[in-house]
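Before any comments, here is the structure.
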Amino acid sequence: MAKENKYSIRDLKRDFPTDEAVLDFIFDSRHSRKCSCGGSYKRITRRKQYQCSKCRYQIAPTAGTVFHKSDTPLVLWFHAVFIFSNAKSGISAKELERQLGVTYKCAWRILSQIRKALGEQGDDKLRGDVETDAAYIGGVYKAGKNNELLSVAVSKKAPIIAAIERGGEARVKVLPNLTAKEQATFVEKTVNPIGTRLMTDKTTALDRVAWGYERHFVDHSRKEYVRGDIHVNNVETFWAHVKRSVRGTYKVVSKRHLQSYLDAFVFHYNNRHNDSARFAALLGMLLRGAR
Ligand SMILES: [Zn+2]
């Protein structure tokens, strides 16, 4: 892996030039070369298997991961992971198809499997200065001139909520609705009440339910967006990035897949400072495997 924060295609080609090199990396990430019998494991030529030199025990290092039983060459897989890792505004299957020279179906499957692995990101509670805000995303329905179609338009959009620890990580969830109860459940599961200043907009449903938290709010309805260090600008910026990216990259995202797309934005946010570490983190999630 490159020492710098950056990780380029040249680094990728140097670190993982062949399927054999990738397989060695996968083996060493998950197993020791030393067998308990005293022998040592070696790759079997032309197979995705390693065998102990003494007791002949065999290990398939990709077992339980997305790389197992995949017809896609491992170097292409790692190239896909690299592209995904660098795509901060997301990557569509169409674009991955073009970049890798694989079929659309193959590109689509690779992307959905990478996103699936992201669902298991850290679940430590956020603390310190934590901003939370809800929003609606998706849908192209107009509410009508006099808002007569507002309820239809809103029902086509998915309610989402985010909490972001300043200088730290983000958590985002698709909710069935934005009732006080749903929002409060998310906040309780996500934010540590001890040692936290919870920043919200006054108009959120959290009014009645953020008890137990030291809550500070700005009143957007009165055009108040910042009061001292009280604001939800980090979440607002995150929403803007997600909405712009979804429009630009995917056009439309179905409600069914929305959470996994959001997980990808959260992954990029939580690993935003270091390209090299982000790529390594993504490989780590995919290699944990065995789901
Ligand atoms: Zn052995």
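Looking only at residues in segment 14-58 that are hydrophobic (A, V, I, L, M, F, W, C) and within 27 Å of Ser112 (Cα to Cα), which one is surrounded by the fewest Cβ atoms within 10 Å (Cβ to Cβ)? Talk me through it step by step, then tell me what you get.
Residues of segment 14-58 that are hydrophobic (A, V, I, L, M, F, W, C), as a first pass: 16, 21-23, 25-27, 35, 37, 44, 52, 55.
After this cut, where a residue has to be within 27 Å of Ser112 (Cα to Cα) as well, the list is 16, 21-23, 25-27.
On the way: Phe16: 22, Ala21: 15, Val22: 22, Leu23: 21, Phe25: 18, Ile26: 24, Phe27: 21.
Filtering segment 14-58 for residues that are hydrophobic (A, V, I, L, M, F, W, C) and within 27 Å of Ser112 (Cα to Cα), the one surrounded by the fewest Cβ atoms within 10 Å (Cβ to Cβ) comes out as Ala21.
Could you grab me the full set of residues in segment 204-240 that are part of a loop (DSSP other than H, G, I, E, B) and modelled with pLDDT under 80? Before the answer, list the steps.
Taking segment 204-240 and keeping what is part of a loop (DSSP other than H, G, I, E, B), we get 204, 209-213, 219, 223-226, 228-229, 231-232.
The answer is Thr204, Val209, Ala210, Trp211.
Tell me yes or no: at least one residue of segment 2-13 is outside any loop (DSSP other than H, G, I, E, B), surrounded by fewer than 14 Cβ atoms within 10 Å (Cβ to Cβ) and in contact with an Asp or Glu (Cβ under 8 Å, 6 or more places away or on another chain).
No, segment 2-13 contains no residue that is outside any loop (DSSP other than H, G, I, E, B), surrounded by fewer than 14 Cβ atoms within 10 Å (Cβ to Cβ) and in contact with an Asp or Glu (Cβ under 8 Å, 6 or more places away or on another chain).
Across segment 155-203, which residue is surrounded by the fewest Cβ atoms within 10 Å (Cβ to Cβ) among those that are in contact with a Phe, Trp or Tyr (Cβ under 8 Å, 6 or more places away or on another chain) and of a type in the set (Ser, Thr, Tyr)?
Going through the qualifying residues, I end up with Thr196.
Identify, please: which residue in segment 36-79 is among the basic types (Lys, Arg) and within 16 Å of the ligand (Cβ to nearest atom) and is, among those, farthest from the chain's Cα centre (by Cα)?
First pass over segment 36-79, keeping only residues among the basic types (Lys, Arg): 42-43, 46-48, 54, 56, 69.
If we keep only those that are within 16 Å of the ligand (Cβ to nearest atom) too, we end up with 42-43, 54, 56.
Values: Lys42: 34, Arg43: 33, Lys54: 42, Arg56: 40 Å.
Within segment 36-79, the match that is farthest from the chain's Cα centre (by Cα) is Lys54.
Taking the condition modelled with pLDDT of 95 or more, touching a strand residue (DSSP E or B) at 6+ places or on another chain (Cβ under 8 Å) and more than 19 Å from Leu283 (Cα to Cα), does Val154 pass?
Answer is no for this residue.
Starting from segment 155-174, take each residue that is closer than 12 Å to Leu126 by Cβ and outside any strand (DSSP E or B) and list its partners that are at pLDDT below 95 and small (Gly, Ala, Ser), counting only C-beta distances under 9 angstrom and pairs at least six apart or across chains.
Listed by first residue and then by second, the contacts come to Glu169/Gly122.
Please tell me if Asn270 is within 12 Å of the chain's Cα centre (by Cα) and either among the polar types (S, T, N, Q) or surrounded by fewer than 16 Cβ atoms within 10 Å (Cβ to Cβ) (or both).
Numbers: within 12 Å of the chain's Cα centre (by Cα): yes; either among the polar types (S, T, N, Q) or surrounded by fewer than 16 Cβ atoms within 10 Å (Cβ to Cβ) (or both): yes.
Judged against the criteria, Asn270 is a match.
Phe84 versus (1) touching a residue at least 12 places away in the same chain (Cβ under 8 Å); (2) within 16 Å of the ligand (Cβ to nearest atom); (3) out of contact with any Cys (no Cβ under 6 Å at 6 or more places or on another chain): which is the lone unmet condition?
Going through the list (1) touching a residue at least 12 places away in the same chain (Cβ under 8 Å); (2) within 16 Å of the ligand (Cβ to nearest atom); (3) out of contact with any Cys (no Cβ under 6 Å at 6 or more places or on another chain), Phe84 breaks only (2).
The values are calculated or read from the model by the stated rules, or taken from the named source; none is laboratory data. Since the structure is predicted, the reported quantities are computational estimates derived from the model, not experimental observations. Every residue, glycine among them, receives a Cβ derived from its backbone with ideal geometry; neighbour counts consider all protein chains shown.
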